[in-house]
Amino acid sequence: MAKTPSKTEWISVPDAADLLGCTDVWVIKLIGRGDLDAFRLSGRAWAVSRESVEKNIKEHAERDPSHAGRPRSKLG
């Protein structure tokens, strides 16, 4: 989960969320699951590897689109 800083470009959680098209909370969950490389700056602040965000985007785009998302509700 937590990586140490290197020559990688680091971005904020809100910036990562914008790139991924999701919420800040989801980015934190992705960090917790180890899907994104990040390290804690202080308190609740994280620095996220731009490279890991772009890799996550690429992997998501390569998935079979017929399996993307959850099934629609029968109610609406």
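The values are calculated or read from the model by the stated rules, or taken from the named source; none is laboratory data. All values derive from a computational prediction rather than experimental measurement. Please note: Cβ atoms are built from the backbone with ideal geometry, for glycine as well, and neighbour counts cover all protein chains shown.
Can you spot a residue in the range 54-69 that is touching a strand residue (DSSP E or B) at 6+ places or on another chain (Cβ under 8 Å), at pLDDT below 95 and not hydroxyl-bearing (Ser, Thr, Tyr)?
Initially, the range 54-69 is screened for residues touching a strand residue (DSSP E or B) at 6+ places or on another chain (Cβ under 8 Å), giving none.
Scanning the range 54-69, I find no residue that is touching a strand residue (DSSP E or B) at 6+ places or on another chain (Cβ under 8 Å), at pLDDT below 95 and not hydroxyl-bearing (Ser, Thr, Tyr), so the answer is no.
Under 6 Å between Cβ atoms, which residue pairs at least 6 apart in sequence (or on different chains) link something in the range 9-34 that is of a type outside the set (Gly, Ala, Ser) with a partner that is at pLDDT 95 or above and not in a helix (DSSP H, G or I)?
Once the first residue is of a type outside the set (Gly, Ala, Ser) and sits in the range 9-34, its partners that are at pLDDT 95 or above and not in a helix (DSSP H, G or I) give 10/47; 11/48; 13/46; 30/36; 31/38.
Looking only at residues that are among the polar types (S, T, N, Q) and more than 21 Å from residue 61 (Cα to Cα) in the range 1-46, which one is modelled with the highest pLDDT?
The selected residue is 12.
Go through the range 31-48 and give me each residue that's in contact with a strand residue (DSSP E or B) (Cβ under 9 Å, 6 or more places away or on another chain) and either surrounded by fewer than 21 Cβ atoms within 10 Å (Cβ to Cβ) or over 16 Å from residue 14 (Cβ atoms) (or both).
Result: 37, 39, 40, 41, 45, 47.
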